[in-house]
Amino acid sequence: MLLQAICIVFCGLLSVQALDNGLALTPPMGWLSWLRYGCTIDCDAKPKECISEHLIRRIADLLVSEGYVAAGYEYIIIDDCWLEKQRSAKGLMVPDRKRFPNGMKALADYVHSKGLKFGMYQDIGTKTCEGYPGLQGHELYDADTFGAWEIDYLKVDGCYANVNGMSQAYPRFGRMLNATGRPILYGCSWPFFQETNNVHSNYTAVAENCNIWRNYYDIRNNWNSVLTTMLWIGDNQKRLAPFAGPGHWNDPDMLVIGNSGLTVDQAEVQMAIWSILAAPLMMSVELEDMQPAFKRILLNRDVIAVNQDKLGKQGLRVWRSGEAGERSQLEIWHRKLSGGARALAFVNRHNHPTEVTFTHSEMKLPQKDYNIQDLFKPENQQSLKQNANLTLHIKATGVMFYKFILIQ
Ligand SMILES: *[C@@H]1O[C@H](CO)[C@@H](O)[C@H](O)[C@H]1NC(C)=O
Ligand SMILES: *[C@@H]1O[C@H](CO)[C@@H](O)[C@H](O)[C@H]1NC(C)=O
Ligand SMILES: *[C@@H]1O[C@H](CO)[C@@H](O)[C@H](O)[C@H]1NC(C)=O
């Protein structure tokens, strides 16, 4: 009786109820069209870049041939702008006839034949964000259509929808996806539309109904956007992090890495922090002519292993200086990993390199001895004694990303 009473008080706090479709047991990894290709629909002017079956097939081939699938990037997802502007006479969704002449089932078959999973995009409102026909009023048929096309992932945006109705509309559509019998990873934008309307989302409900969910604005192709996103996540982490776990994850949006907006050092920062955050790793970049330095970051197995860690605990920003001067632009992010290890990212937001010394307590590390593995430069091994401090040299707008392994 006493145990039961204790459980009523505490067990609810300890376990987050999750959407039970067996998917996203680790954060999903893949490629999504939006950041790089947006709503490019003029295939005459931009034959290689327009949202089309040609693009998806070409990228699917590259995901395999360039080693991304082997590293874990398994989803390829078409974002907005794949639809005709009008539904069919029967009210069904029609993929753009010129850009997807063979239809979505054939494209799904092609993607599956490559060993990849296929994702698509819709919107819970009357229109998608780019003005194509949305789900509202057509949910049941559309869920069946996605099931018949054999998709594996659906990103559902929230433009042209009533924000107050989202906490009903998203779960309802999720039940329709479930009823198709096909496991479809469900990506929701419901918290984002609430948070940016000054409503704190009910993440208990979100995690019960969605595999991943966007919390914050679309990420853009620049460093400031990455920083702004990190700042918001850090400032709101107490509300967000407890709801991440196997099957359900916060989604700070795509990896900008490999595009024009980030330097190599800034790209390392995003890869490190997204791994600390147990965030979906969704590239959105031209894979054909990627600079090797960016490709190495995206394919870094040690960093991906942090992101995919089985414990499934979202890391936290554990230290941020309140001081002026050299330490003011520094942050420490910390994620607990399975087996007692920890991943720590030391971010320097200054536009110049910096040298800095941290204590165990600032790093939120128990006062013990550790072996330290540099995740971007595995040849750099060092150790930290329990009574010593750690001195780091961090590049301008860069990161040192370490795995700390306790010496028993
Ligand atoms: C549907 O939901 C039930 C109950 O949560 C779950 O057991 C089942 O695996 C789900 N099926 C699909 C296809 O998502
Ligand atoms: C949040 O959602 C959960 C699960 O659906 C529900 O039990 C709870 O009452 C909601 N909390 C609030 C404050 O609405
Ligand atoms: C570590 O840093 C703290 C804070 O700056 C300092 O008090 C302490 O003496 C340092 N310890 C060592 C071994 O340098």
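The numbers here are math on the coordinates, done by the rules we state, and not lab data. All of these numbers come straight from a predicted model, not from anything done at the bench. Cβ coordinates were reconstructed from backbone atoms using ideal geometry, including for glycine residues, and neighbour counts include every protein chain displayed.
Karplus-derived 3J(HN,Hα) values for segment 396-401, using 6.51 cos²θ - 1.76 cosθ + 1.60 with θ = phi - 60°, are 4, 5, x, 9, 10, 10 Hz; glycine and proline are entered as x. Rounded to whole numbers, the Karplus 3J(HN,Hα) couplings from phi for segment 101-116 are x, 9, x, 7, 5, 5, 5, 4, 4, 4, 4, 5, 5, 8, x, 9 Hz, using 6.51 cos²θ - 1.76 cosθ + 1.60 with θ = phi - 60°, and x at Gly and Pro. Note on ASN236 and SER338: their simple-model spin labels are 3.0 nm apart, each label 7 Å out from Cα toward Cβ. Couplings for segment 154-164, taken from phi via the Karplus curve 6.51 cos²θ - 1.76 cosθ + 1.60 with θ = phi - 60°, read 9, 8, 10, 7, x, 6, 6, 9, 7, 4, 5 Hz in order; Gly and Pro are left as x.
Taking GluC sites (Glu not before Pro) as exposed when DSSP calls them loop and at most 12 other C-beta atoms lie within 10 angstrom, the chain has its longest site-free stretch at 1-287.
Neighbour counts of other Cβ atoms within 10 Å put ASP369, ASP265, ASP289 in the fewest-to-most order ASP289, ASP369, ASP265. Let me know the shape class of segment 2-307, please: from the alpha-carbon gyration tensor, a ≥ b ≥ c as square roots of the eigenvalues, rounded when a/c is under 1.5, otherwise prolate if a/b is greater than b/c, or oblate. It is oblate, given that a/c is not under 1.5 and a/b is not larger than b/c.
Modelled spin labels at ASN221 and LYS377, positioned 7 Å past Cα toward Cβ, are 3.0 nm from each other. Name the residues whose placed amide hydrogens come within less than 5 Å of the amide hydrogen of GLN122, ignoring near sequence neighbours (fewer than 5 apart) on the same chain. Amide H to amide H, under 5 Å and 5 or more residues apart or across chains, GLN122 pairs with LYS155, VAL156, ASP157.
For the chain, adding -39500 (n - 2.57) for each run of n ≥ 4 DSSP H residues and dividing by the number of residues yields -9000 deg cm²/dmol at 222 nm. Partners of LYS336 within straight-line reach, counting lysines whose Cα lies under 16 Å from its Cα and excluding those fewer than 8 residues away in the same chain: LYS238, LYS310, LYS313, LYS364, LYS368, LYS403.
Residue ranges 89-102, 220-233, 28-41 sort as 28-41, 220-233, 89-102 when ordered by packing (mean number of other C-beta atoms within 10 Å per residue, highest first). Scanning residues 5 or more positions from TRP31 or on other chains, those with amide H under 5 Å from its amide H are TYR75, ILE76, ILE77, MET283, with H placed 1.01 Å from N in the peptide plane. Using alpha carbons only, the radius of gyration of segment 40-107 set against its Kirkwood radius gives Rg/Rh = 1.04.
Taking a straight Cα-Cα cut-off under 20 Å and skipping sequence neighbours fewer than 8 places away in the same chain, the aspartates and glutamates within cross-link reach of LYS127 are ASP79, ASP80, GLU84, ASP96, GLU139, ASP142, ASP144, ASP157, ASP218.
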